[in-house]
Amino acid sequence: MLSITDEKSSLQALYLRARQEHAGRPSGLWSGFSCFQFPNGLLPYANSPVMHVALHLYRLASGAAYRAFDSGLDVSFRVRVQTLARMTGLPIRTIKAALHRLEQDKWIERKPQTTARGRFAATKIYLLDPRSGRRLETSQRYGLLSSNKYFPFITIPKDALWAIDSMRGVGAKAVYAAALAVASEQEHEIVAVKRSRWLEMSNVSRNTFASGLKYCTRKGLLAYRRGILTLNDPRTGKAPARWKYGRQFTKHDAPKWKFDLHRVEPEQWKATLEKLMRQTFPECDGWTPQTADVACPLCGEHGKFSMNFHKGTFKCFACSKGGGLGKLVQHLLHGTMDDAKKYIQDTIEESERIPV
């Protein structure tokens with residue numbers, strides 16, 4: 001139950017939001033900003049460089065996810081440790097330790113890449129669901145994390161990384177990241193929040209929190225008074241006003257899918273792909289045979305394409321493309337992930353109506 005002070009703060013926040021909307025500001029979070037999505041589950045790492053490195057990985061993944069939408073590729077990207085060090089301002093040794101921790105805790109999967117001469121080129125990064133170990137999928141309509149049911153996420157303006165990169169202590173980074181998380185929960189830059197809850201989300205000591213809050217306030221990143229947190233434009237240090245220029249970018253939208261691809265049974269995958277590809281595939285517990293009569297839907301090569309209905313994945317050994325079968329259905333339909341899910345669901349319902 002809210003106290004009188006908390007209730008006043010909430011009402012005041014609503015009043016300030018209403019004033020902005022009356023002035024023409026669209027409702028929602030970070031209107032007019034280019035944003036990316038970051039999992040709430042990484043906030044406990046806020047008191048270490050791990051979160052700073054992860055922020056850049058998810059920012060890179062947001063671009064990779066959009067590019068992978070039409071191609072059927074996995075959501076992955078290549079990056080060098082030196083590049084991450086240059087982006088974050090952290091030492092290479094610290095970057096390597098952070099990547100190791102993220103991989104150990106099953107947030108990422110790393111695969112070293114080499115050139116034709118066998119020299120190290122870069123590391124390929126896959127983002128994972130830490131609970132199941134599955135690689136994340138995406139949809140063009142929503143962002144990388146809102147395309148999945150795995151965890152709640154934080155919407156972060158890309159310009160906020162510029163501010164975080166310039167911070168030289170974990171306190172300010174933790175305080176600012178927690179503030180962005182609170183804003184994402186309430187889907188606005190003006191929110192009511194208790195200092196105690198904000199401190200808990202920051203995962204730092206009281207003294208570190210106080211110094212971090214002082215830094216963020218001095219830099220104009222945010223303001224906090226009487227229980228009301230106000231987030232500013234990271235570039236200008238003033239109230240966000242990019243909506244005035246009529247540019248709309250990523251919106252904070254976390255839809256709850258009614259249909260989960262991970263619950264599709266092997267025989268259901270088989271029926272869906274047979275119907276869509278107009279071919280019959282043999283019953284098997286693993287990968288389907290790479291027969292000459294089966295062509296890859298992505299590159300058209302015969303005898304190199306295979307699917308695993310039990311794992312829900314596909315792979316072409318000619319074009320090296322692969323991923324989840326949901327992504328394959330989406331590609332074959334030339335639509336969105338919503339279209340793919342509806343098609344799979346309709347196919348399942350149709351097979352269930354057939355009398356035995």
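The values are calculated or read from the model by the stated rules, or taken from the named source; none is laboratory data. Nothing here was measured: the structure is a model prediction, and the numbers come from that model. Don't worry about glycine lacking a Cβ; one is built from the backbone with ideal geometry, like all the others, and counts go over all protein chains shown.
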**Q.** strands (runs of 3 or more DSSP E) fully within region 158-250 counting 3 or more residues that are among the aliphatic types (A, V, I, L, M) and under 21 Å from Arg19 (Cβ atoms)
**A.** 190-192, 228-231
Q: For region 300-307, indicate whether the set of residues that are touching a helix residue (DSSP H, G or I) at 6+ places or on another chain (Cβ under 9 Å), crowded, with 18+ Cβ neighbours inside 10 Å and closer than 15 Å to Gly324 by Cβ is non-empty.
A: yes
Q | Subset tally (residues that are without any contact (Cβ under 8 Å) to a residue 60 or more places away in the chain and buried (at least 17 other Cβ atoms within 10 Å of the Cβ)) for region 82-105 | A | 9
Q.
Residue under question is Ala318, and the condition is that it be assigned by TED's automatic domain parsing to the domain that holds Glu267, more than 21 Å from Tyr126 (Cβ to Cβ), loosely packed, with under 14 Cβ neighbours inside 10 Å and hydrophobic (A, V, I, L, M, F, W, C); does it hold?
A. no
Q.
Can you confirm whether Thr94 is of a type outside the set (Asp, Glu), touching a Pro at 6+ places or on another chain (Cβ under 7 Å) and at pLDDT below 90?
A. no
Q: Check region 296-311 and report whether any residue there is under 13 Å from Gln268 (Cβ atoms) and touching a residue at least 40 places away in the same chain (Cβ under 8 Å).
A: yes
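Residues that are polar (S, T, N, Q), at pLDDT 90 or above and assigned by TED's automatic domain parsing to the domain that holds Lys96: does region 67-75 have at least one?
The answer is no, given that none of the residues of region 67-75 is polar (S, T, N, Q), at pLDDT 90 or above and assigned by TED's automatic domain parsing to the domain that holds Lys96.
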